[in-house]
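Everything below concerns the one structure shown next.
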Amino acid sequence: MLLDITELLREPGKQMPYDILEPPLVDEHVECTTPIAGKITFTNTGGTLIIRGGADTRVALPCSRCNNYFEKAAALKIEEQFELNHVSVGPRTLQTLAVVEEDDSPIAGKLFNGQIFDLTEMLRQYILLDEPTKPLPHSNADGRCSHCMLLPEEVSPLLNRAEVQSEDKPINPAFAVLGQLLDKK
């Protein structure tokens, strides 16, 4: 979702609350299973644009033991601030326009296009930051994976063979088309 924050940037001290209700994100890095819901507030302090709030969703992650997908709750705490640069609107006017200064890093996703804010990209980045490096579903009392019912030491030998692959294993939608192409060969 793209948000026009022109009015907010014109008035120092202005706040703009926004209720988040985004459809589930699915791309090559993120797979949400529920809509993203929450609330954020944009604040123009005159020299800084502050974005604060929170959002909740659920994401599908591959288990680092058995590689089966499971759902995990993602509670996003959003806190961002961007410097505002004031530029003159015209050569003969005293009016200035606040412009957001973003990180120029090529790997950072752009959140602003002029006065338009990309809420979807910011949520995608926060979901990626919330994901664990070694995702594990809840284990049973005896330490077995709740999906494959294997202990960690039982999974390693199976990963070296192709026995872990099962027909009823959920397919990540990002790879579903690739799977269909491979099946045709």
Original post:
Here are 25, 49, 76: which of them is more than 30 Å from residue 136 (Cβ to Cβ) and not charged (D, E, K, R)?
Top reply: 49
**OP:** Return the total of residues in the stretch 22-57 being modelled with pLDDT of 95 or more, assigned to a strand (DSSP E or B) and either within 26 Å of residue 71 (Cβ to Cβ) or among the small types (Gly, Ala, Ser) (or both).
**Re:** 10
Subject >> Criterion violated by residue 79 - all others in (1) farther than 30 Å from residue 51 by Cα; (2) modelled with pLDDT of 85 or more; (3) surrounded by fewer than 13 Cβ atoms within 10 Å (Cβ to Cβ) satisfied >> reply: (1)
Subject >> Positions within the stretch 27-39 being touching a helix residue (DSSP H, G or I) at 6+ places or on another chain (Cβ under 8 Å) and loosely packed, with under 14 Cβ neighbours inside 10 Å, in sequence order >> reply: 27, 28, 29
**OP:** Looking only at the stretch 101-151, count how many residues are at pLDDT below 70 and either surrounded by 16 or more Cβ atoms within 10 Å (Cβ to Cβ) or in contact with a helix residue (DSSP H, G or I) (Cβ under 8 Å, 6 or more places away or on another chain) (or both).
**Re:** 2
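The values are calculated or read from the model by the stated rules, or taken from the named source; none is laboratory data. Please read all numbers here as calculations on a predicted model, not as lab measurements. Because the Cβ atoms are built from the backbone with ideal geometry, glycine has one as well, and the counts that use them run over all protein chains shown.
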